[in-house]
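Here is the structure we will look at.
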């Protein structure tokens, strides 16, 4: 066995442990992102309901202003009626007042409907606000658990990284740089056993002479196709 093989395998084992921690961290991140997305959707619905209330209130207030304007106009007509001198002018003004009463009755009906509409959308908005608060509160235990687990994983990763650096420090500098370069380029193992006469990673055939040297522990040879560091698992 090559004297550096055990060191490489120990280092790779530590890297695998760190990768597993990173995977679990990513899963927690995904869980948190899902909770955030759920809250975002709930917030969008709540905010849309609030905007609906504002819009309904605006329409109600505009309608109320229209009604008030018609009332003021009608009051002025009544005042004018006191100063009318001829029956013809009085009849004309009375006809205007009758028509205005009809229009104002229609406007008042629309105002009542608008006011009732505000009540409906306010109730809907209140319900959405309650649902959002319940959603937020319901998520809190899960968020707390995720935060706790993230801290635990971070602490564990820091320990594993320290152990990893100790293992890496045992390697000759050139070999360590070679290993680290391969590790950055691959998500899978970079120190791989021979699979029969081929590379155990890409299964490209390894020339006989090099296989013999690898099996004899004379060198840590790289695969010509994928670049992984090959070794023999045979004892």
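Could we say that residue 70 is farther than 30 Å from residue 194 by Cα and not in a helix (DSSP H, G or I) here?
Values: farther than 30 Å from residue 194 by Cα: yes; not in a helix (DSSP H, G or I): no.
In short, no.
Select from region 1-38 the residues that are closer than 30 Å to residue 138 by Cβ, out of contact with any helix residue (DSSP H, G or I) (no Cβ under 7 Å at 6 or more places or on another chain) and surrounded by 15 or more Cβ atoms within 10 Å (Cβ to Cβ) and list them in ascending order.
Scanning region 1-38 gives no hits.
Residue 85 fails exactly one of the following numbered conditions: (1) free of Cβ contacts under 8 Å to residues at least 40 places away in the same chain; (2) not in a loop (DSSP other than H, G, I, E, B). What is the number of that condition?
Of the numbered conditions (1) free of Cβ contacts under 8 Å to residues at least 40 places away in the same chain; (2) not in a loop (DSSP other than H, G, I, E, B), the odd one out for residue 85 is (2).
Have a look at 201, 225 and point out the one that is surrounded by fewer than 16 Cβ atoms within 10 Å (Cβ to Cβ), in a loop (DSSP other than H, G, I, E, B) and either in contact with a strand residue (DSSP E or B) (Cβ under 9 Å, 6 or more places away or on another chain) or free of Cβ contacts under 8 Å to residues at least 60 places away in the same chain (or both).
Values: 201 fails: surrounded by fewer than 16 Cβ atoms within 10 Å (Cβ to Cβ).
Just one listed residue meets the conditions, 225.
What single numbered condition from (1) in a helix (DSSP H, G or I); (2) out of contact with any helix residue (DSSP H, G or I) (no Cβ under 9 Å at 6 or more places or on another chain); (3) modelled with pLDDT under 90 fails to hold for residue 80?
Of everything listed in (1) in a helix (DSSP H, G or I); (2) out of contact with any helix residue (DSSP H, G or I) (no Cβ under 9 Å at 6 or more places or on another chain); (3) modelled with pLDDT under 90, residue 80 misses just condition (2).
Check residue 113 against each of (1) assigned to a helix (DSSP H, G or I); (2) touching a residue at least 40 places away in the same chain (Cβ under 8 Å) and name the one condition it does not meet.
If we test residue 113 against (1) assigned to a helix (DSSP H, G or I); (2) touching a residue at least 40 places away in the same chain (Cβ under 8 Å), just (2) comes out false.
Would you point out which residue out of 27, 100, 57 is without any contact (Cβ under 8 Å) to a residue 12 or more places away in the chain and either more than 30 Å from residue 155 (Cα to Cα) or in the same structural domain as residue 125 (by TED's automatic domain parsing) (or both)?
Values: 100 fails: without any contact (Cβ under 8 Å) to a residue 12 or more places away in the chain; 57 fails: without any contact (Cβ under 8 Å) to a residue 12 or more places away in the chain.
Testing whether each residue is without any contact (Cβ under 8 Å) to a residue 12 or more places away in the chain and either more than 30 Å from residue 155 (Cα to Cα) or in the same structural domain as residue 125 (by TED's automatic domain parsing) (or both) leaves just 27.
The values are calculated or read from the model by the stated rules, or taken from the named source; none is laboratory data. Because the structure is predicted, anything quoted here is derived from the model rather than measured. Cβ: placed from backbone, ideal geometry, glycine included. Neighbour counts: every protein chain shown.
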